[in-house]
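**Q** If you scroll down you'll find the structure; I have some questions about it.
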Amino acid sequence: MKARMGQNFLCDANILRKEVLVADVVGKTVLEIGAGDGRLTEKIIEGGALKVLAIEKDKELASGLKDKFNGNPHVDVITDDFLEIEPIHADIIMGNIPYYISSAIIFRLKDYDFERAVLIIQKEFAEKMVAKPNDSNYGRLSVTAQLAFDVELVQKVPRHLFSPAPKVDSEMITLVPSGTKITKHDEEIIRILFQHKNQSVRNALAHAHAGIVAPEEFAKRRVRTLTKEECLGIAKSR
């Protein structure tokens, strides 16, 4: 295992099969983020996927994947970094995601066109994704994720089911694109707002020193009380 890359391999075959069942891969093209040693890849193929595009940035692991699936017409191994490649079309996206790049991956998925994603991420991070206004963990991630996707928590995945075992539990989640498009400008305004989420919208925007004026109906509201729709409305006001 390579701790420097945040790799904790899921060892429980039942959870791997559950991921595939939830993803509904039969006859579909699946993009797998961080295929590792191919244990999830195998289950995806067994589940009836038409094709697995297995992305793995670690060259040693990618080489092992190519050996393991050599001659299998259902698996294409891509030696690259998911965060650096151009979006690839797939029906389903799957992956057991290292915590340190979870935010980057979620934000990157906004640029992809897919039916459903099934991911395993740190439990605390998953709970942030579904947090509501005034929750202590409600923030930029909550708003952006819920604008871009319908997010559902599927089940807790205890830490002892991984090797090496991480310090925290994980959560299986699903993402279904909502159809709402979020521009870079929208993202930047939401980021600015939640840098000062306990302040009023007027004061939070003033910190940016960019001449952004808060819409009057929101000016005195605390940022942490705003719904995702209100955040997007503020972002789109000029």
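The values are calculated or read from the model by the stated rules, or taken from the named source; none is laboratory data. Computed from a predicted structure; not experimentally measured. Ideal geometry is used to build each Cβ from the backbone, glycine not excepted, and the neighbour counts take in all protein chains shown. The area values use the complete protein model at the heavy-atom level, side chains included, leaving out ligands, DNA and RNA. Shrake-Rupley method; radii C 1.70, N 1.55, O 1.52, S 1.80 Å.
**Q** When the residues of region 104-135 are narrowed to those that are among the small types (Gly, Ala, Ser) and farther than 16 Å from Phe82 by Cα, which ends up nearest to the chain's Cα centre (by Cα)?
**A** Ala126
**Q** Can we say Ile101 is at pLDDT below 95, under 13 Å from the mean Cα position of the chain (by Cα) and of a type in the set (Val, Ile, Thr)?
**A** It is true that Ile101 is at pLDDT below 95, under 13 Å from the mean Cα position of the chain (by Cα) and of a type in the set (Val, Ile, Thr).
**Q** Quick one: how many residues across region 213-236 are over 23 Å from the mean Cα position of the chain (by Cα) and within 18 Å of Arg140 (Cα to Cα)?
**A** Going through region 213-236 one residue at a time, the tally reaches 9.
**Q** Can I ask one more? Under 6 Å by Cβ, and 6 or more places apart or on different chains, what pairs join a residue from region 99-117 that is under 20 Å from Thr29 (Cβ atoms) with one that is in a helix (DSSP H, G or I) and open to solvent by less than 50 Å² (accessible area, probe 1.4 Å)?
**A** Lys110/Ala148
**Q** Out of region 88-130, which residues are closer than 14 Å to Val52 by Cβ and assigned to a strand (DSSP E or B)?
**A** Listed by number, the residues that qualify are Ile92, Ile93, Met94, Gly95, Val118.
**Q** Taking only region 176-227 into account, find how many residues are in a loop (DSSP other than H, G, I, E, B) and β-branched (Val, Ile, Thr).
**A** 6
**Q** Which of the residues spanning region 134-151 are of a type in the set (S, T, N, Q) and touching a Phe, Trp or Tyr at 6+ places or on another chain (Cβ under 8 Å)?
**A** Thr144
**Q** Right, something else. Looking at region 136-170, which of the residues that are open to solvent by 70 Å² or more (accessible area, probe 1.4 Å) and part of a loop (DSSP other than H, G, I, E, B) is nearest to Pro87 (Cα to Cα)?
**A** So the residue we want is Lys167.
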